[in-house]
Amino acid sequence: MKAKIKIKGALRTYLYAILYITILLAAVAICVAVFPEYAGILTGAAALITFVVFLILYVTKSSVVINDLVSFATEYGQIQSKLLREMELPYVLLDDTGKIIWSNREFDELSHKKLGINKSLSSVFSELTIDKLLNEGEKNAIHVEYEGREFNAKCRRISLEGLASHSELLDAEDYGGFMVAVYFFDETALRIALRENDDQSLAVALLYLDNYDEALESVEEVRRSLLTALIDRKINKYISALDGISKKIEKDKFLIILRKKSVKQLQEAKFDILEEVKTVNIGNDMAVTISMGVGLDGLTYSQNYEFARTAIDLALGRGGDQVVVKTAEQITYYGGKSQQIEKNTRVKARVKAHALHEIISSKERVLIMGHRMGDVDSFGASVGIARIAKTLDRRAHIVLNDVTSSVQPMRDLYAGLDDFEEDMLVTSEQAVNLAGAGAVLVVVDVNKPSITECPELLKMCKSIVVLDHHRQGTETIENATLSYVEAYASSACEMVTEILQYISEGIKLKAEEADCMYSGMMIDTNNFMTKTGVRTFEAAAYLRRAGADVSRVRKLFRDDAECYKMKADTVSHAIIHRGSFAISTCNPMPGVQSPTEIGAQAANEMLNIKGIKGSFVLTPYQDKVFISARSIDEVNVQIIMERMGGGGHMNMAGSQLEGVSVEEAIDQLKNTLDEMLDEGDI
């Protein structure tokens with residue numbers, strides 16, 4: 001190709017002149033070598049000839065060469081512009097405000113010429129704002145969708161600082177402007193292929209029957225095999241319809257293999273298999289419920305199985321009758337609308353009691369802590385564990401920082417014991433000094449590390465015991481040596497009371513300690529009206545035999561006049577949302593130490609209003625908005641509060657919001673209720 005291109009015109013004359021002058025200089029050099037006496041004449045003549053030749057060329061040809069170069073550059077720029085204009089890749093040039101300066105033909109066809117000069121790119125591609133285009137420096141890539149096609153928009157920032165500083169037309173000494181070039185790469189086919197491949201990836205699920213034995217016992221013995229067969233058929237048929245595989249690995253456990261696409265279908269249907277299984281009825285008094293843990297998006301099949309195991313543990317720990325889907329990045333909950341069935345057997349409590357006995361006996365001292373801003377239940381349970389430690393001849397230290405108005409009577413009662421020692425109640429700073437290899441940490445009434453009284457202790461103690469009755473969430477104490485979390489229990493005091501009966505034969509509660517534990521049960525059950533079962537009253541009877549005085553406990557929890565007025569004011573200003581939800585604000589009054597407790601009591605009171613399914617009281621306190629949520633049996637307030645960053649029980653839950661006003665918190669609560677009602681989650 002180069003052989004066919006020849007130089008012509010003035011530029012050729014210039015190049016040939018250089019060649020001839022070079023030959024002339026070579027001849028002069030030879031002559032000087034032969035006739036050195038004429039060197040001056042020869043070189044002078046050569047210089048004169050060179051000067052004359054280039055002077056003639058400059059005068060006659062320079063303007064022609066300049067014109068030719070300008071013409072060539074212009075034509076070359078036009079070729080480049082044409083190539084860019086006709087490039088089969090949508091391309092657009094923006095100014096520093098996001099408005100279009102120039103676009104090529106492909107981009108015009110893509111946008112159907114909806115955009116023109118000085119129009120904003122974000123008017124069609126809402127994702128492509130100028131801030132988003134430049135949020136990662138000079139180069140950036142953003143995924144956008146437009147009219148069923150998917151593009152990877154790659155951006156490049158082009159600085160105009162040098163151009164402005166060298167301009168003869170503009171005075172822009174400190175100019176720092178720029179342009180943004182945006183290329184659109186069509187990745188529709190690629191992403192469809194990737195999604196199809198992802199949809200075919202396998203997910204692992206574990207399905208457990210929550211109340212298998214209890215359901216079988218509720219039917220005649222001759223019909224039990226039929227009930228089992230109907231349940232198995234219902235599960236297998238449901239999974240087969242999703243092109244999945246289900247294998248019964250135990251009498252009440254199934255291993256399920258599904259495609260990820262099928263899991264998405266189940267998620268869209270809110271895992272209606274939860275309700276499908278409940279329809280199996282051949283005269284059984286108790287409906288069968290299931291729990292399901294799904295693991296997907298793992299790097300390997302074995303990792304998906306581990307995700308499924310973690311998910312099923314969460315589902316069971318939260319009370320069953322629900323599905324937990326776990327990936328490497330998030331955990332999602334479905335269901336959980338029904339109350340968990342109370343277990344009649346105490347075998348688990350006895351086993352846990354023996355394990356706790358062994359752990360405490362192997363240590364020198366016991367550190368006990370509940371949740372931050374401890375309540376009567378956490379303090380009562382701590383008192384019970386402290387009595388266990390003393391019975392086993394171990395030092396006991398209860399971590400207690402802020403003493404609320406409800407806990408103060410219990411603390412004073414406990415401090416009046418004849419064997420009370422000053423170091424039995426310690427602050428977080430003192431507890432940190434006591435932690436070490438010779439200490440065991442017992443966490444009561446909480447399983448969320450971030451809201452414990454002293455989270456640092458969880459890292460400092462190797463032996464950790466968790467005793468809690470709240471449903472587990474995403475955040476749990478993972479390194480516990482012993483974990484006893486039972487969502488069916490009414491309170492932590494009930495669980496500790498059961499353990500007391502098995503921990504040691506020589507254990508004996510003092511009347512004041514029994515009062516503290518009885519108070520915890522009474523408060524958490526709202527005077528034994530909420531979440532009580534046979535074992536709750538059995539635990540209360542044990543405490544009564546140990547010396548708990550019902551009248552004395554009742555006197556401890558009488559409100560003063562200001563607290564009573566504050567609670568009455570909260571109830572009187574309640575508004576009804578969507579005909580079923582009572583919402584009110586508890587405004588702290590001077591002299592009231594624990595307004596959040598008054599808010600919780602007001603929430604309980606509002607449940608007495610006919611037609612109310614759930615009550616919510618918002619209390620501004622310590623630069624936060626505390627939400628107390630209560631229900632009887634129609635609504636699961638736990639999943640509502642989890643949507644707002646909190647948690648708790650089906651009937652009793654709460655949340656703490658930071659950086660919002662009370663009005664904003666109410667709007668957020670209403671939006672959450674509306675969204676969950678519209679989606680059928682509550």
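Just so you know, all these numbers are worked out from the coordinates, no wet-lab data involved. Keep in mind that this is a model prediction, so the values were computed, not measured. Ideal geometry is used to build each Cβ from the backbone, glycine not excepted, and the neighbour counts take in all protein chains shown.
Here the gap between TYR621 and ASP549, fully extended at 0.36 nm per residue and compared with their Cα-Cα distance, gives a gain of 22.6 nm.
For the chain, the dipole from Cβ point charges (+1 on Lys and Arg, -1 on Asp and Glu) about the Cα centre works out to 1880 debye, to the nearest 20.
Think of each Lys and Arg Cβ as +1 and each Asp and Glu Cβ as -1; about the Cα centre, that makes the dipole of segment 537-616 roughly 280 debye. With 31 Å as the limit, write out which pairs from LYS251/LYS531; LYS260/LYS670; LYS462/LYS624 have Cα-Cα distances beyond it, or answer none. Beyond 31 Å: LYS260/LYS670; LYS462/LYS624. Classify segment 586-665: rounded, prolate or oblate, from the alpha-carbon gyration tensor (a ≥ b ≥ c, eigenvalue square roots; a/c under 1.5 rounded; otherwise prolate if a/b is larger than b/c)? Oblate is the answer for segment 586-665, as a/c is 1.5 or above yet b/c matches or exceeds a/b. Per residue, the average separation of C-alpha pairs within less than 8 Å and at least 6 apart gives the chain a relative contact order of 7 percent. So if the hydrodynamic radius of segment 349-556 is defined as the Kirkwood radius over C-alpha pairs, what does Stokes-Einstein give as its diffusion coefficient at 10 °C and 1.306 mPa s, in µm² per second? D = 96 µm²/s. The string of couplings for segment 496-502 from the Karplus curve (6.51, -1.76, 1.60, θ = phi - 60°) is 5, 4, 5, 5, 4, 6, 10 Hz, one whole number per residue in order, with x for Gly and Pro. Rounded to the nearest Hz, the phi-derived 3J(HN,Hα) couplings of segment 288-296 under the Karplus curve 6.51 cos²θ - 1.76 cosθ + 1.60 (θ = phi - 60°) are 7, 10, 10, 10, 9, x, 10, x, 8, where x marks glycine and proline. Contact order for segment 349-556, expressed relative to its length and based on alpha carbon pairs under 8 Å spaced 6+ residues apart, stands at 25 percent. Phi angles across segment 235-246 convert, under the Karplus curve 6.51 cos²θ - 1.76 cosθ + 1.60 with θ = phi - 60°, into 3J(HN,Hα) values of 5, 5, 5, 5, 6, 4, 5, 9, 6, x, 10, 10 Hz, Gly and Pro given as x. Highest mean packing comes first when the peptides 363-371, 211-219 are listed by Cβ atoms within 10 Å, giving 363-371, 211-219.
Dividing the Cα radius of gyration of the chain by 2.2 N^0.38 Å, with N the residue count, gives 1.52. Between the residues SER450, LEU556, VAL323, the greatest Cα displacement towards the positive end of the dipole of the chain, with unit charges on the Cβ of Lys, Arg, Asp and Glu, is found for VAL323.
What's the extension gain from ILE30 to SER123 if we count 0.36 nm per residue and subtract their Cα-Cα distance? Could you put the intermediate results ahead of the total?
Numbers: separation 93, 0.36 × 93 = 33.48 nm, distance 7.68 nm.
This chain segment gains 25.8 nm when fully extended.
Treating r as the C-beta distance of ILE282 and ASP412 and R0 as 60 Å, the FRET efficiency rounds to 0.55.
With a simple spin-label model that places each label point 7 Å from the Cα along the Cα-to-Cβ direction, the separation between ASP131 and ALA47 comes to 7.1 nm.
Based on the mean of other Cβ atoms within 10 Å per residue, sort peptides 281-288, 478-485, 625-632 so the most packed one is first.
Details: 281-288: 15.0, 478-485: 16.9, 625-632: 24.4.
With the highest mean Cβ count within 10 Å placed first, the list reads 625-632, 478-485, 281-288.
A straight chain from ARG346 to LYS508 at 0.36 nm per residue would run longer than the Cα-Cα distance by 56.3 nm. Of the beta bridges in the chain, as assigned by DSSP with both residues counted there, near 70 percent are antiparallel. Helical runs (DSSP H, four residues minimum) scored at -39500 (n - 2.57) apiece and divided by the length of the chain put the mean residue ellipticity at 222 nm at -14000 deg cm²/dmol.
Looking only at segment 203-335, where both bridge partners belong to it, what percent of the DSSP beta bridges are antiparallel (to the nearest 5)?
In segment 203-335, DSSP labels about 85 percent of beta bridges as antiparallel.
Can you figure out the FRET efficiency of VAL222 with ASP272, using R₀ = 45 Å and their beta-carbon distance, to the nearest 0.05? Calculated value: 0.90.
With the convex hull drawn over the C-alpha atoms of segment 223-334, the volume per residue is 100 Å³.
Sorted ascending by nearby beta carbons within 10 Å, beginning with the fewest, LEU202, LEU356 become LEU202, LEU356.
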